Each structure stands twice: as C-alpha cells, then as structure tokens.
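Trainee: I have a structure I would like to understand better, so I am pasting it below and will then ask my questions one at a time.
The values are calculated or read from the model by the stated rules, or taken from the named source; none is laboratory data. Model, not experiment: these values are computed from the prediction. Cβ placement follows ideal geometry from the backbone for every residue including glycine, while neighbour counts extend to all protein chains displayed.
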Amino acid sequence: MQSVPPAQLELALRLRALRLERWPDSKLTQSALASVLGGDEPLSPATVASWENRNAPKLPPRERILAYAQFFATRRSLVPAPQLVPVDSFSPEEQAAYEELRDELLMLHAGASGGSKPDLIVARRSWHFTDDGPLTIVCAQLPEAEAGPLANPDDPNYTELMSFGDLDAMVELFGHARMENPAMDVFFKSAPNVIADDLSGHVVIIGGIGWNEVTRRILDLTRLPVTQKEIATMETGEIFVANIGGEDREFLPVFSAGAPAKLIEDVGLLVRMPNPLNSSRTLTMCNGIHSRGVLGAVRSLTDKRLRESNERYIARNFKNNQQFGILMRIQVIEGKAMTPDFSIAGTVLYQWEPGSTVFPAVPASARTSA
C-alpha cells in the first residue's frame, strides 16, 4: 500500500481534530460539517470524510480551508445550528482566533500541495496589527498660501482637515486601518501637532519632505537607501534618489507633451520597518513625488482588487516580509492615480529589505529620467 505523504497526513489529522476536539461536547458530525462548508451547495459527508481519511486523504480546495478557519474560530458557529458566522461580525478575540487558525491551516494546505513557504502567506494583511497599538497617521500640513480660507480657524466654517496635505491618501488609509484594527486606537494628526508620545506606537508617515518635517526627521533616523531632494527643473515636488553601488540614481515623474503639461506617471514609495523610536512597533512610509504617488503607494495595499496580489508579491520577494521597501511607478489616467500592480514588469522601480546591507540593482525596466 502506498504511504501517505507526511504533510497530507498532518493536514488530514488536523481537520479531524478540529471537528472532534475543538468543541468535544458538540458531537459535530461529518454530515453537519459538510452542510456548512459547502455554503449554498452542501457537500456530501463522504467529501469531508475523504479530507480526514488517514490512509488516503484527499486535499480540500483552498476556499474550504478558509471556511474551516471561519467555522472553528467562534463557538457561535454552533448556535442555533451549525452555520458560518460572517467574519466581519467577529469580535477582536474571534478575529484573532480566525487569523491564527487560517494561517495554520493554509500553511498545512500549502505543504500538502507542495507549495513553498513564501506562497503560504496568501492571506497576509500589512495593515492588520496583532498588538494593542496605537496607530498614528502623520500628514503634512499645507502652507498657508496653499490652504483655502476654510483652513483658517478664524473662518466661521473652519474645517481642520482643509489644512491637511495628501488628504485623499489619509482618508483612504484611515478607513482601512480602522476596519483592519477595530479594537485599536487609530489617530491622524498634522505634522506640527505631533507630540513625542504619538511617535512611540505604530506610526505611518504620509507624504513627502516638502510639507512634512516629521518625514524629513524620520528619514534622517532610518538611513534609507532612498532619499528625496529638490531639483531646479521641477517645482511641484521632490524627486527620489537611490544610492546603488555608490552611484546616485534619480527617479522622476513623467509629464505629457504639449501645453499645459499634465502628470501622466508619478513615483511612489512604500516602506515598512521597525519604528526607530520603538522597535516593538512599526514605521510605515507612504510617500510620493506628488500627491498621486502618495495615494498610489497607500492603495497598493488597501485596494481590494489588487492588495492580495501585492501582498503575495511582498511575501515572495522579502525574506522578512514585515520589513520591505518598494519604489514604484504610479500611472495617472485622467488625473487619477491608478493602483500599482507589483507583479507587472516595470511597476517596481527599486526594492530593498530594511536592515539589509546589500541592496539590489535597479531593474532594467526602471525609468530614471523624465
């Protein structure tokens, strides 16, 4: 008789243990579990039995693995009858249990199907944090000459957010971070209003050095291989410069020909690394030459259509996928920043792993001048 591969047997035994031992008093049968896992099209008990079989286990589809994690994450799945409780209704404790079980089962599933470790992290979520935070989003404050009258506190219709730079990016990220961390305090502040305590938790810096002194100071602390600088030929933003092999490479935006010239391609920067002021928390920088580059960097991991693909790219390309730096091309169409797809050739202009002393060469497809 042909022996069962150890990884397949381990998955089969774990699925059986969940049914029989997670809630032993429930006496959950294969039939009851099959009716739940199949959703609108109930599975047969024989299908669940084949996944648990110790002699010749079958491999469940990935979506059934996720359903297992969803079902066994909360005992509410048994009330009033076996059912799948929506993930978005989970309490923080249920959410943590779901994520732990999901990651474990996906790991076992990938091993049983011959997947490599980077491919296991298909459900990583860069904007979800497992500790109690807090998370502070720091935005630039617009210069008085750039802000409208409603940014003036003396105006009867004063609106504080009218004084924020990169507001599109801040709103996008704030909403996503709150959704991903419902039990965590998530704040946003303009750079001049930041105090020391704001920088000791998880910190997100939105925007470039032009209007954000906090970004300038943090960049000095992090010693990244990518910096920003002003150039005389462009008054609308600060370009990126990467030091590669002792040589500075400049990364510039692209404008359309003719007058007036319109921005058709920006450059964005996304960095995740330990907070240099508190190594147990993270620092994330979402930056760009212009506001479209900043928004594109943020949306790379918030846009529901592309974030999972981009998360997989990070998992595959960085040894420690909690630390990554990506300089990216942001397409601009009809004035709107398009979400970058890291898997498309030419999107990633330069990447490195924070903490590493060896940085990769710029991809051949990278554009370094307008």
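Trainee: Under 6 Å between Cβ atoms, at least 6 apart or on separate chains: pull out the pairs that start in region 213-242 with a residue that is free of Cβ contacts under 8 Å to residues at least 12 places away in the same chain and end on any residue that is in a loop (DSSP other than H, G, I, E, B).
Mentor: 216/209
Trainee: Now for a separate question. Would you mind stating whether residue 236 is surrounded by fewer than 21 Cβ atoms within 10 Å (Cβ to Cβ), touching a His at 6+ places or on another chain (Cβ under 8 Å) and not aromatic (Phe, Trp, Tyr)?
Mentor: Working: surrounded by fewer than 21 Cβ atoms within 10 Å (Cβ to Cβ): yes; touching a His at 6+ places or on another chain (Cβ under 8 Å): yes; not aromatic (Phe, Trp, Tyr): yes.
Judged against the criteria, residue 236 is a match.
Trainee: Follow-up. Tally time: how many residues in region 1-17 are surrounded by fewer than 19 Cβ atoms within 10 Å (Cβ to Cβ) and within 18 Å of residue 63 (Cα to Cα)?
Mentor: Quick first cut of region 1-17, residues surrounded by fewer than 19 Cβ atoms within 10 Å (Cβ to Cβ) only: 1-7, 9-10, 13-14, 16-17.
Retained after the next criterion (residues that are within 18 Å of residue 63 (Cα to Cα)): 14, 16.
Here the count works out to 2.
Trainee: Restrict the check to region 307-315 and report whether at least one residue is modelled with pLDDT under 90 and of a type in the set (Gly, Ala, Ser).
Mentor: yes
Trainee: May I pose another question? Which of the residues that make up region 69-91 are among the hydroxyl-bearing types (Ser, Thr, Tyr) and assigned to a helix (DSSP H, G or I)? Walk me through it before giving the result.
Mentor: Kept after step one, since they are among the hydroxyl-bearing types (Ser, Thr, Tyr), are these residues of region 69-91: 74, 77, 89, 91.
Passing the criteria: 77, 89.
Trainee: Over 17 Å from the mean Cα position of the chain (by Cα), over 18 Å from residue 272 (Cβ atoms) and either crowded, with 19+ Cβ neighbours inside 10 Å or at pLDDT below 95 (or both), is that true of residue 355?
Mentor: Numbers: over 17 Å from the mean Cα position of the chain (by Cα): yes; over 18 Å from residue 272 (Cβ atoms): no; either crowded, with 19+ Cβ neighbours inside 10 Å or at pLDDT below 95 (or both): yes.
It is false that residue 355 is over 17 Å from the mean Cα position of the chain (by Cα), over 18 Å from residue 272 (Cβ atoms) and either crowded, with 19+ Cβ neighbours inside 10 Å or at pLDDT below 95 (or both).
Trainee: Still on this structure, please answer the following. Here is a list: 227, 130, 222, 159. Which entry is out of contact with any Ser or Thr (no Cβ under 8 Å at 6 or more places or on another chain), exposed (fewer than 15 other Cβ atoms within 10 Å of the Cβ), closer than 25 Å to residue 354 by Cα and β-branched (Val, Ile, Thr)? Walk me through it before giving the result.
Mentor: Values: 227 fails: exposed (fewer than 15 other Cβ atoms within 10 Å of the Cβ); 222 fails: exposed (fewer than 15 other Cβ atoms within 10 Å of the Cβ); 159 fails: closer than 25 Å to residue 354 by Cα.
So the residue among 227, 130, 222, 159 that is out of contact with any Ser or Thr (no Cβ under 8 Å at 6 or more places or on another chain), exposed (fewer than 15 other Cβ atoms within 10 Å of the Cβ), closer than 25 Å to residue 354 by Cα and β-branched (Val, Ile, Thr) is 130.
Trainee: Restricting attention to region 173-196, which residues are crowded, with 16+ Cβ neighbours inside 10 Å, over 15 Å from residue 138 (Cβ atoms) and either out of contact with any Asp or Glu (no Cβ under 8 Å at 6 or more places or on another chain) or not assigned by TED's automatic domain parsing to the domain that holds residue 149 (or both)?
Mentor: 176, 180, 181
Trainee: Residue 285 fails exactly one of the following numbered conditions: (1) crowded, with 16+ Cβ neighbours inside 10 Å; (2) among the aliphatic types (A, V, I, L, M); (3) farther than 20 Å from residue 310 by Cβ. What is the number of that condition?
Mentor: Here residue 285 meets the rest and fails (3).
Trainee: Also: Tell me yes or no: at least one residue of region 77-95 is of a type in the set (S, T, N, Q), under 21 Å from residue 23 (Cβ atoms), surrounded by fewer than 16 Cβ atoms within 10 Å (Cβ to Cβ) and in contact (Cβ under 8 Å) with a residue 40 or more places away in the chain. Even if it seems obvious, please write down each step before you answer.
Mentor: Of all residues in region 77-95, those of a type in the set (S, T, N, Q) come to 77, 83, 89, 91, 95.
Among the residues that remain, those that are also under 21 Å from residue 23 (Cβ atoms) are: 77, 83, 89, 91, 95.
Narrowing further to those that are surrounded by fewer than 16 Cβ atoms within 10 Å (Cβ to Cβ): 83, 89, 91.
Add one more test, that the residue is in contact (Cβ under 8 Å) with a residue 40 or more places away in the chain, and what stays is 83.
Within region 77-95, one or more residues are of a type in the set (S, T, N, Q), under 21 Å from residue 23 (Cβ atoms), surrounded by fewer than 16 Cβ atoms within 10 Å (Cβ to Cβ) and in contact (Cβ under 8 Å) with a residue 40 or more places away in the chain.
Trainee: For region 215-293, which fully contained strands (runs of 3 or more DSSP E) count at least 1 residues that are out of contact with any strand residue (DSSP E or B) (no Cβ under 9 Å at 6 or more places or on another chain)? Before the answer, list the steps.
Mentor: Working: elements: 226-231, 234-244, 247-251, 263-275, 278-288.
In region 215-293, the matching strands (runs of 3 or more DSSP E) lie at 234-244, 247-251, 278-288.
Trainee: Could you check residue 148 against (1) of a type outside the set (A, V, I, L, M, F, W, C); (2) surrounded by fewer than 18 Cβ atoms within 10 Å (Cβ to Cβ); (3) in contact with a strand residue (DSSP E or B) (Cβ under 6 Å, 6 or more places away or on another chain) and say which number it fails?
Mentor: (3)
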